[in-house]
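See below for the structure under consideration.
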Amino acid sequence: MGFPGTWMTESESVVYRVVPKCACSTIGQILYYSDHGTFFDGDIHDAKTGLHKWAQEDSQQLIRANIKTRSAYAFTCVRNPYTRVLSSFFDKICGIQRNGKRYRGNLVPLLMQKYGIEVGDPENGFEFDQVRSFRRFLLFARDTIRWRRPMEPDIHWSAMSGHVSTFIVNGGRYNGIFWTEKFNEGMQQVLDSITTPHPVDLATIPRFNESEGHGPSRAHPVEDYFDDLSMHLMKEIYGRDFELFKYDFDNPANKLPIGEIDLAEVHAKLGD
């Protein structure tokens with residue numbers, strides 16, 4: 001039984017299932033701050049101390065025991081699938097990563113060759129046809145998720161429901177799931193439900209967007225990237241995300257949820 005992508009404060013006040021591209025850098029820093037009264041100096045994903053993470057072997061037994069007894073508040077955060085997949089494209093495919101290189105080495109050349117995707121580069125100000133390239137990327141994302149080729153699906157564009165489900169299937173239970181689009185409201189509910197060594201004032205917490213600034217900016221409104229075929233692919237890949245987390249599939253321009261998340265429904269449908 002494992003809990004991949006799960007973080008827990010050292011004080012064991014709260015358990016968090018990370019969903020990539022859903023404010024995870026900010027949430028991780030808030031959890032770190034709630035224990036230590038300071039932020040981690042750097043990208044919280046690189047922190048090896050100050051926060052229990054399932055990827056760290058010496059944290060696994062503590063995380064497993066806490067989830068088994070359900071002694072801490074457990075939560076996750078989700079995001080509109082349209083804006084999430086666009087963010088993945090601009091950050092991971094078009095952007096230069098923290099190490100100064102392209103994401104996953106030969107991935108971008110593969111996409112250029114097999115799918116005709118352009119990504120631009122810093123020298124030309126990332127000039128390229130964003131809409132055309134994004135739609136081709138969506139075909140690639142579908143191929144990885146549906147047929148696991150030309151590679152296994154990446155955590156940044158695989159469905160949120162897949163990330164959320166591993167926690168449930170292995171015996172965890174969420175006390176809360178909130179939306180990135182209503183971040184302060186959702187994160188405040190988490191903080192109101194736990195006791196932390198250091199108080200957190202959300203109004204003064206900066207946003208930690210580690211993907212910002214090393215790739216092109218989105219040049220068009222969200223809806224311009226999605227034609228009929230793109231929306232068909234979105235339903236194929238992320239249909240369950242729209243349904244469970246109550247996002248508006250029919251209108252890509254509406255990033256806000258259109259209903260309330262039903263935790264019982266999430267546990268029932270993702271607990272198989």
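The values are calculated or read from the model by the stated rules, or taken from the named source; none is laboratory data. As the structure is a computational prediction, the values presented were derived from the model and not from experiment. Virtual Cβ from ideal backbone geometry, glycine too; neighbours counted across all protein chains shown. These area figures cover heavy atoms from the full protein model, side chains too; ligands, DNA and RNA do not enter into them. Shrake-Rupley method; radii C 1.70, N 1.55, O 1.52, S 1.80 Å.
Below, the figures for the structure above:
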item: Local electrostatic count, residue 53, Cβ distance below 15 Å [Lys/Arg +1, Asp/Glu -1]; result: -4
item: Heavy-atom accessible surface of segment 114-196: percent carbon and sulfur, 1.4 Å; result: 42
item: For segment 141-235, size of Cβ-based charge dipole, Lys and Arg +1, Asp and Glu -1, in debye; result: 420
item: Given (i) 136; (ii) 169; (iii) 114, the label whose value is volume of the Cα convex hull per residue in Å³ derived from this model; result: (i)
item: Residue 25 - accessible surface, heavy atoms, 1.4 Å probe, Å² rounded to 10; result: 10
item: Antiparallel bridge percentage (DSSP; both residues within the chain; nearest 5); result: 45
item: Positive-pole candidate from 221, 259, 73, dipole of the chain, charges at beta carbon; result: 73
item: Cβ-derived FRET efficiency at R0 30 Å, residue 209 paired with residue 123, nearest 0.05; result: 0.80
item: Charge dipole magnitude, Cβ of K and R +1, D and E -1 - segment 82-185, Cα centre, debye nearest 20; result: 440
item: Residue-normalised accessible area of the chain, given per residue in Å² at a 1.4 Å probe; result: 46
item: Protein accessible area in segment 6-74, 1.4 Å probe - carbon and sulfur %; result: 48
item: Rounded FRET efficiency, nearest 0.05, which uses the C-beta distance separating residue 260 from residue 69 and R0 of 35 Å; result: 0.80
item: Above-threshold pairs, the threshold being 29 Å between Cα atoms, out of 114/182; 92/255; 53/235; result: 114/182; 53/235
item: Ranking by accessible area, most exposed first, for 260, 152 with a 1.4 Å probe; result: 260, 152
item: Net +/- balance of residues flanking residue 175 in space, Cβ distance below 13 Å, scoring K and R +1, D and E -1; result: +2
item: Highest average packing first - 76-86, 58-68, Cβ atoms within 10 Å; result: 76-86, 58-68
item: Modelled label reach - residue 198, point 7 Å along Cα→Cβ, segment 1-40 residues with backbone N closer than 13 Å; result: 10-11, 29-40
item: For residue 242, net neighbour charge (Lys/Arg +1, Asp/Glu -1) across residues whose Cβ lies under 10 Å away; result: -1
item: Computed magnitude of the charge dipole of segment 1-68 (debye, nearest 20; Cβ of K, R +1, Cβ of D, E -1); result: 340
item: Computed E for residue 39/residue 236 - FRET, C-beta separation, R0 30 angstrom, nearest 0.05; result: 0.15
